[in-house]
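All of the numbers you see were taken from the coordinates with simple rules; none came from a lab. Note that the structure is predicted; figures quoted are calculated from it, not measured. Ideal geometry is used to build each Cβ from the backbone, glycine not excepted, and the neighbour counts take in all protein chains shown.
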Amino acid sequence: QTCALPISSLMEEERYGDVSVENFNYYEVQCSKNAQSATVTITLNSGDVEMYHSTTKLPSRDTSIGHTTKAPSASYAWSQVATPKVLTVPIPFAQFNKMQHKIYIGVYGVEASAYTIKVTQTLLPRE
């Protein structure tokens, strides 16, 4: 399932999600034309998830062509061992879909999980 997750610099929208084991929840995020970067924050309430990001399409777990970024990883770790724990993943402009100013996110259920996801963007100053 795909759901658009609108974001703005003025109002951060947080979405609650449930994902079953070995399934994906997908998010297509429309960014502002003057976005410099975005940050995905997942707060895990129960279970275990992985976050996948793709520059060009809805991500998959395929290690060669499925995604641009995967977390948790060596670069992005959970904030703590106990829940609720937080995963914060920055996405630079270089990893946006340039034509549509979109980023594509998949939350994969390592086990049945409950989480919230929030995307915030950093805007370049208008000229």
Legend entry - Placed amide H near Thr68: partners under 5 Å, 5+ positions off or other chain: His53, Ser54, Thr55
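Give the peptides 64-76, 101-113 in descending order of average Cβ contacts within 10 Å, highest first.
On the way: 64-76: 14.2, 101-113: 19.9.
Ranked by mean Cβ neighbours within 10 Å, highest first: 101-113, 64-76.
May I ask you to work out the translational diffusion coefficient for the chain at 20 °C, viscosity 1.002 mPa s, via Stokes-Einstein with Rh from the Kirkwood sum over Cα pairs, reported in whole µm²/s? Write out the running numbers ahead of the final one.
Numbers: Rh = 14.6 Å.
Rounded, D is 147 µm²/s.
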Inset, instruction - Mind checking region 15-91 for GluC sites (Glu not before Pro) that DSSP puts in a loop (not H, G, I, E or B) and that have at most 12 other Cβ atoms within 10 Å? - result: Glu22
Legend entry - Gain in span if fully extended, Asp18 to Arg61, counting 0.36 nm per residue against the direct Cα distance: 13.6 nm
Legend entry - Amide N of region 89-112 lying under 14 Å from the label point, which is placed 7 angstrom from the Cα of Ser75 along Cα→Cβ: 89-96
Legend entry - Simple spin-label estimate for Gln30 and Ala94 in nanometres, 7 Å along Cα-Cβ: 2.8 nm
Legend entry - All lysines inside 23 Å of Lys102 as judged from Cα atoms, apart from same-chain residues fewer than 8 positions distant: Lys33, Lys57, Lys70, Lys118
